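Data block below; observations after.
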Amino acid sequence: MTHPDSGDRDWELHIDWTRCAARGLCSDLLPETLSRDDWGYPISRDGRRRPRLAAAQTAAARDAVELCPRLALRLLPPHRD
């Protein structure tokens, strides 16, 4: 897979809901992308199932992926139809 900082493509953040424990670290690291629902689970601010990340957010997104205590996050290239 290509490094998330390469090119000008928008990367997407995948949340594995079966692993997520609603600890909130991802929404703390990506406040412009994620907020939390009433139970603490992350929700996308753009309404997408897999929120898109601007180039300026890739470093914080990598941190969130690496630091997630439940390994519930992955960075993915954008889905092409």
*asked:* Suppose we filter segment 53-81 for residues that are buried (at least 16 other Cβ atoms within 10 Å of the Cβ) and within 14 Å of Asp10 (Cβ to Cβ); how many remain?
replied: 5
*Does segment 59-70 contain any residue that is part of a loop (DSSP other than H, G, I, E, B), hydrophobic (A, V, I, L, M, F, W, C) and modelled with pLDDT of 95 or more?*
yes
_Name the residue that is farthest from Trp17 (Cα to Cα), counting only residues in segment 43-58 that are of a type in the set (A, V, I, L, M) and assigned to a strand (DSSP E or B)._
Leu53
*segment 32-52, residues that are open to solvent by 60 Å² or more (accessible area, probe 1.4 Å) and of a type outside the set (D, E, K, R)*: Trp39, Tyr41, Ile43, Gly47
*Can you run down the residue pairs with Cβ atoms below 7 Å, 6 or more apart or on separate chains, where the first is in segment 36-58 and hydroxyl-bearing (Ser, Thr, Tyr) and the partner is not in a loop (DSSP other than H, G, I, E, B)?*
Ser44/Leu34; Thr58/Trp11
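The values are calculated or read from the model by the stated rules, or taken from the named source; none is laboratory data. Since the model is a prediction, treat every value here as computed from it, not as a measurement. Every residue, glycine as well, gets a Cβ built from its backbone with ideal geometry; the counts of neighbours run over all protein chains shown. Note: accessible area is taken over every heavy atom of the protein model, side chains too, but ligands, DNA and RNA are not part of it. Shrake-Rupley method; radii C 1.70, N 1.55, O 1.52, S 1.80 Å.
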